[in-house]
Each structure stands twice: as C-alpha cells, then as structure tokens.
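The values are calculated or read from the model by the stated rules, or taken from the named source; none is laboratory data. Just so it is clear, the structure is predicted and the values come from calculations on it, not from any experiment. Neighbour counts run over all protein chains shown; Cβ positions are idealised from the backbone, glycine included.
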Amino acid sequence: MINSDSQNSALEFLTSFFKRIQKDPKIGPSHIALYLTIWKEAISSKNPGHLAIYSRPLMKGAKINSSSTYSRILKDLCNGGYIRFEPSYFHNQPSKYRLVPP
C-alpha cells in the first residue's frame, strides 16, 4: 500500500505533467496514455526512479498497436522533456525509462 506522502507526491507529479501538456500542442491522447502507462509501471516497481521494461507491455497498456506509432510517441515525449529513454538493443534486456520531474 502506498503511504499518504507517496500519494501526495504522485498526485503533484501528475498535476504538474497535466499543466505542462496543456501548453504543448504536440501532445495528444496517445502520448498521455503512454506516459501514464510508464508512470503506473514506475510507481509499481521496486525502484520508481528508474524503470526497466520491455516495450510490448507499455504498448499494450497504452493501447498502441503499431511499433512505429510507439516509437514516434516515445520520441515526442523524450524531445519534450517528459521522459528519458535508454534503449536496449538486445532482445533479452529491457529498455530503461525515467520520468523527468517537472
């Protein structure tokens, strides 16, 4: 169970994200879905600051079916400063994601 301080911190983080995207015309529903999926996985992980996960579960959670759409959305989120992404070029190693604080 998440304690009250963690809940407040998570809520503040998401509130800041939503304030930022209101001013960003490039961000659409798919971007928000992917970001929230990464955020959900990050807070569920043992190390919330750094998430190591394969792209397929993120695509499934964000309801993205195309790898090219996923790549474009991920690139937009990285270029916008919302997340940091370290790709893994090995099929047996997950890529690393980090949410950038506002």
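Below are the figures for this structure:
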{"quantity": "Filter result for the condition that a residue is over 15 Å from the mean Cα position of the chain (by Cα), outside any loop (DSSP other than H, G, I, E, B) and modelled with pLDDT under 95, over S9, S16", "calculated": "S9"}
{"quantity": "Residue identified as surrounded by 11 or more Cβ atoms within 10 Å (Cβ to Cβ), among the aliphatic types (A, V, I, L, M) and either touching a Pro at 6+ places or on another chain (Cβ under 8 Å) or under 16 Å from G80 (Cβ atoms) (or both) among L58, L34", "calculated": "L34"}
{"quantity": "Residue ID - farthest from I64 (Cα to Cα), chosen from residues in the stretch 7-20 that are touching a residue at least 40 places away in the same chain (Cβ under 8 Å) and hydrophobic (A, V, I, L, M, F, W, C)", "calculated": "F13"}
{"quantity": "Residue match in the stretch 39-50 (condition: under 19 Å from V100 (Cβ atoms), of a type outside the set (F, W, Y) and modelled with pLDDT of 95 or more)", "calculated": "no"}
{"quantity": "Residue ID - surrounded by the fewest Cβ atoms within 10 Å (Cβ to Cβ), chosen from residues in the stretch 10-31 that are polar (S, T, N, Q) and closer than 19 Å to D76 by Cα", "calculated": "Q22"}
{"quantity": "Identity of the residue in the stretch 67-84, of a type in the set (S, T, Y) and free of Cβ contacts under 8 Å to residues at least 40 places away in the same chain, that ends up surrounded by the most Cβ atoms within 10 Å (Cβ to Cβ)", "calculated": "Y70"}
